1. For segment 53-166, give me every one of the strands (runs of 3 or more DSSP E) that falls completely inside it and has 1 or more residues that are loosely packed, with under 14 Cβ neighbours inside 10 Å.
2. Among the residues of segment 7-14, is there at least one that is part of a loop (DSSP other than H, G, I, E, B), modelled with pLDDT under 95 and not charged (D, E, K, R)?
3. Scan segment 23-52 residue by residue and report those that are charged (D, E, K, R) and either over 17 Å from L151 (Cβ atoms) or surrounded by fewer than 14 Cβ atoms within 10 Å (Cβ to Cβ) (or both).
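The values are calculated or read from the model by the stated rules, or taken from the named source; none is laboratory data. The structure presented is a predicted model; accordingly, all values stated were derived computationally and were not measured. Reconstructed Cβ throughout: ideal geometry from the backbone, glycine too, with neighbour counts over all protein chains shown.
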Amino acid sequence: MTELQRPPDFDAIMLLIGRLNYSWTNTESLLIHLIAGLVGTTKETAVIIFLTLNTTRARVDLVERLSKMDGRDPAERARVLEVTRRLLGLSGLRNRYNHCIYSFDPDGGAPRTIQMRIADRRDAIKVGQTDLLDAAARADIDAAISNLEALNRAIWALIAEYRYPA
């Protein structure tokens, strides 16, 4: 299928995935402020720490561990853990659309994602799980974007409440 033959919904889905990526990156970057506040350092130092850690999982692990340190206010710990768990809960969908290739049906059907992951089973491996890019996928992406926007606001409220460097 050529570029001109792709299904019309594909462009709309790609725009949604772009919004998902923007919302994700914008929200994940707020971990910088959490790191600064929990460590008691400047935002500039927290940026270096954030950029030194290569993955979302490593960044979230750091924030969670800092929040669990002795002497931390239990309410503050609970708020930090709540937002990091929400972020991790959204990571699966984001990863699904960022770690895949896109496949087109030559007969004009809905495009699909093909996961770029190996699933090890007891005595076999499974590769290339496929998912349709259909109305359900669009609804999932829309919901994730809304959830990220709400999470972003919740993290900013936490930053303000605990007076973390902004």
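1. In segment 53-166, the matching strands (runs of 3 or more DSSP E) lie at 100-103, 118-120, 125-127, 130-132.
2. Yes, because at least one residue in segment 7-14 is part of a loop (DSSP other than H, G, I, E, B), modelled with pLDDT under 95 and not charged (D, E, K, R).
3. Within segment 23-52, K43, E44 meet the criteria.
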